[in-house]
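One structure is given below, encoded as structure tokens.
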Amino acid sequence: MHRIAHQSPRQVSARCATDVRYLSVDAGLLDVMLTWDQTGSFEVSDLSSADNDADDWMTRLLQMRTFQLVPPANLQAMFLRMQQVQVDPGTVVVKQDGDGDYFYVIMSGRCIVTREQPNMKAVRLAELEPGACFGEEALISDSRRNASVTALTPCKLMRLSKDDFRQLLNDPLSRRVGFDQAKALVATKRARWLDVRLPSEYQSGHLDGALNLPLYMLRMRLSQLDPGVTWIAYCDTGRRSSVAAFVLTQKGFDAQVLDGGMPPTER
């Protein structure tokens with residue numbers, strides 16, 4: 001009944017000498033639960049509902065790395081404010097060029113992401129499965145929706161309003177770092193610059209050694225990123241880079257935002 005090599009990173013290796021039955025526990029989820037238990041800030045009774053699936057969707061959200069990084073008090077408030085939505089196949093959940101109103105998490109079912117262009121057929125960008133999140137870009141950047149999301153199958157979604165998303169989820173995850181501190185971190189090679197501007201902006205001036213991966217291509221090119229380093233995202237203002245950092249954190253990367261955007265002296 002002993003835990004094995006629980007330190008991170010692992011300090012030793014373990015090999016089975018006999019038949020073994022073991023229990024594997026998600027370290028991040030365990031830490032969240034221990035924090036709640038030891039601070040007393042989480043009251044299960046506050047989150048109970050008539051919906052028999054309540055415990056299930058809360059557990060599934062807690063298994064996502066994005067939500068494990070949120071302070072327990074924020075999570076409790078977020079769970080109380082999230083709304084469950086059932087949609088039928090063909091329902092347009094998010095409409096391109098519409099106002100950003102909610103952040104969504106798919107609990108069951110599948111959705112398709114498409115982008116419309118003038119005088120052209122809509123382009124299929126991605127297919128989203130259970131556990132996927134969408135709708136955050138317009139909320140963080142305070143802009144119009146840049147794509148449409150349509151249900152392919154019957155879907156159960158959880159949604160969080162714009163103000164609640166910003167206050168409870170995005171702000172706690174927006175790890176901002178000043179230019180001097182970020183530059184020193186990059187110099188140690190433990191971090192790299194990620195320029196999320198358009199190629200034309202990048203060509204007119206960028207930080208030394210930066211990888212240019214425009215925001216609209218980020219999700220499709222995640223395999224190009226080294227998960228072993230911290231990615232410091234930047235743009236001109238910090239708006240696009242905030243979206244990039246949220247997406248990277250959601251996908252398991254260690255990401256920070258260059259506070260204030262790229263310094264004018266570096267452009």
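Structural remarks
- Residues (closer than 25 Å to Leu62 by Cα, hydrophobic (A, V, I, L, M, F, W, C) and in a strand (DSSP E or B)) located in segment 77-115: Val85, Val87, Val93, Val94, Phe103, Val105, Ile106, Met107, Cys111, Ile112, Val113
- Inter-residue pairs, beta-carbon under 6 Å, first surrounded by fewer than 18 Cβ atoms within 10 Å (Cβ to Cβ) and in segment 202-223, second at pLDDT 90 or above and assigned to a helix (DSSP H, G or I), 6+ apart: Asn212/Tyr202
- Qualifying positions in segment 157-198 - out of contact with any Pro (no Cβ under 9 Å at 6 or more places or on another chain) and acidic (Asp, Glu): Asp163, Asp164, Asp171, Asp180
- Subset of segment 230-260 (residues that are hydroxyl-bearing (Ser, Thr, Tyr) and within 9 Å of the chain's Cα centre (by Cα)): Thr249
- Selection count, segment 83-115, where residues are loosely packed, with under 14 Cβ neighbours inside 10 Å and touching an Asp or Glu at 6+ places or on another chain (Cβ under 9 Å): 1
Okay, residues lined up against (1) touching a Cys at 6+ places or on another chain (Cβ under 8 Å); (2) touching a residue at least 60 places away in the same chain (Cβ under 8 Å):
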position	(1), (2)
Val93	yes, yes
Ile112	no, no
Glu136	no, yes
Ile140	no, yes
Ser148	no, no
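- The set of residues from segment 110-138 being out of contact with any strand residue (DSSP E or B) (no Cβ under 6 Å at 6 or more places or on another chain) and within 19 Å of Asp163 (Cα to Cα) comprises Glu137, Ala138.
- Gly252 being modelled with pLDDT of 85 or more and not assigned by TED's automatic domain parsing to the domain that holds Ala132: no
- Odd one out for Ser13 among (1) modelled with pLDDT of 65 or more; (2) assigned by TED's automatic domain parsing to the domain that holds Gln63; (3) in a loop (DSSP other than H, G, I, E, B): (2)
- Taking the conditions (1) part of a loop (DSSP other than H, G, I, E, B); (2) at pLDDT 95 or above; (3) among the charged types (D, E, K, R) in turn, Lys189 satisfies each one other than (2).
- Failed item, numbered, when Arg240 is tested on (1) surrounded by fewer than 22 Cβ atoms within 10 Å (Cβ to Cβ); (2) farther than 17 Å from Gly178 by Cβ; (3) out of contact with any Cys (no Cβ under 9 Å at 6 or more places or on another chain): (1)
The values are calculated or read from the model by the stated rules, or taken from the named source; none is laboratory data. These numbers come from a predicted model, not from an experiment. Note: ideal-geometry Cβ built from the backbone for every residue, glycine included; neighbour counts use all protein chains shown.
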